[in-house]
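In what follows, a structure is listed as structure tokens, so that the remarks can point back to it.
Each value in this text was obtained by applying a stated rule to the coordinates, not by laboratory testing. In this text, all values refer to a predicted model and were calculated from it rather than measured experimentally. Every residue, glycine as well, gets a Cβ built from its backbone with ideal geometry; the counts of neighbours run over all protein chains shown.
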Amino acid sequence: MTDLTGEAALIDQHCHGVVTTDLDRLAFEALLTEATRATPDRSRFDSMLGLAVRRWCAPVLGLPAHVGPDEYLERRAALGWWEASARLLRAAGVTDWLVDAGFAPVALTGLPEVADLAGGTAHEIVRLETVAERVAGLAGSAEEFAADLETELHRAAAGAVGLKSVAAYRGGLDLPARPPSAAALSAAVGRWFAVGGRLTDPLVVGWLVHLGVRVGAEFGLPLQLHTGFGDDDLRLHHADPSLLTDFLAATRDSGVTVVLLHCWPFHRQAAYLAHVFGHVVVDVGLAVPHVGARSGAVLAELLELAPFGAVCFSSDGYGLPELHYLGAWLWRRELGRLLDAWIADDVLTCADAERLVAAVARDNALRTYSRVSE
């Protein structure tokens, strides 16, 4: 790993908290995968992510590299979840964590605990759908819902560094170029209220994302969008960021930066969108720990077309601090190896490489999330 990346302090532009209990093997393995059901004859340690945990997380916890899963988990239990989490998060070399706390099917640390464990600063990312569903539970009509939600989003945005939508999970990324009319929105919200449950109506979701654009512009906040792979609640072909082309064309002069998260296996499509739209920022956060030693190939493919000023770092660590750590460690290792190869092949100079690392590690995030530096 080149010194260019080894000492770079990172801003993690998208992550979640970590679990607040000690985990047995079954519970730990459940967090090593995007699958929501266990397969008894298929250990999640037998994966690129599982190999990465045993190879690179084990030494952080005081174990030999490549230790077996049972020994790794015994050591983790002996340390306790707090100490193990603190060691891994602090070893990541991240100064600022941008935390989406809007998704927590299991108990996770909040922002103050993330900051305490990691020895850095935690900032809030507001998930639009979570706010919308909370407001819907209290609203008496479609008109009241729309007004109350805008008020609540303004309140939430005042203390946040960014907004986020999971529209990819709620019908897909084929978002409308324009928000719907008030009449169409009222009818759609009425249908949603009649059925109940979480927000999945595509018209309401499209309106919500456009509301996020408007509120983001008012407060100077970027809008993050989940793209690419995730758990099995997702339909992957609906999460292709190229589906956002009309939406991005319509919002290019809105004043909002749109952040495409994760992106794999559509990271080349995302790179193209960042190439043609100046308000688009991309990362490959979730993919890096999951593909492990293959993450260098993913980073190289992203950088084929994405402007270097449009790429940020994130881990999308969720539940296991191992994911936060590996997101950072593998990013440093694989980007460093890629840049070493480019320098050796006279593709770029050391000065060029230093600027690229500084941009992706921190500078692009500081420009995108202006409140982080306040």
Label-to-label distance, nm, for residues given as ALA194 and SER181 (7 Å Cα→Cβ offset): 1.9 nm
Per-peptide average of other Cβ atoms within 10 Å, ordering 59-66, 322-329, 91-98, 356-363 highest first: 322-329, 91-98, 356-363, 59-66
Relative packing of 231-240, 27-36, which averages over residues the other C-beta atoms within 10 Å, highest first: 27-36, 231-240
Residues of the stretch 67-84 with amide N under 18 Å of the 7 Å Cα→Cβ point at ALA27: 70-84
Centre separation in Å (Cα based) which lies between the stretch 205-261 and the stretch 70-133: 25 Å
Pair ARG252, ARG371: separation of 7 Å Cα→Cβ label points (nm): 2.8 nm
The stretch 32-91 - percent relative contact order, Cα under 8 Å, separation 6 or more: 24 percent
In order through the stretch 225-240: 3J(HN,Hα) via Karplus (6.51 cos²θ - 1.76 cosθ + 1.60), integer Hz, x for Gly, Pro: 10, 5, 9, x, 6, x, 6, 7, 7, 8, 10, 4, 5, 8, 9, 6
Highest to lowest packing among 135-145, 76-86, 202-212, scored as the average C-beta count within 10 Å: 202-212, 76-86, 135-145
Contact order normalised by residue count of the stretch 257-359, Cα under 8 Å, 6+ apart, percent: 25 percent
In sequence order, calculated HN-Hα J values of the stretch 172-188 (Karplus, 6.51, -1.76, 1.60; Hz; x Gly/Pro): x, 9, 7, 7, x, 5, 10, x, x, 5, 4, 5, 5, 5, 4, 5, 5
For the stretch 235-372, convex hull volume per residue from C-alpha positions, Å³: 116 Å³
Over the chain, relative contact order from alpha-carbon pairs under 8 Å, at least 6 apart, %: 22 percent
Rotationally averaged projected area of the stretch 301-374 (alpha carbon convex hull; nm²): 5.8 nm²
For the chain, alpha-carbon Rg over 2.2 N^0.38 Å: 0.98
For the stretch 148-248, the Rg and Dmax computed from alpha carbons only, in angstrom: 13.7, 35
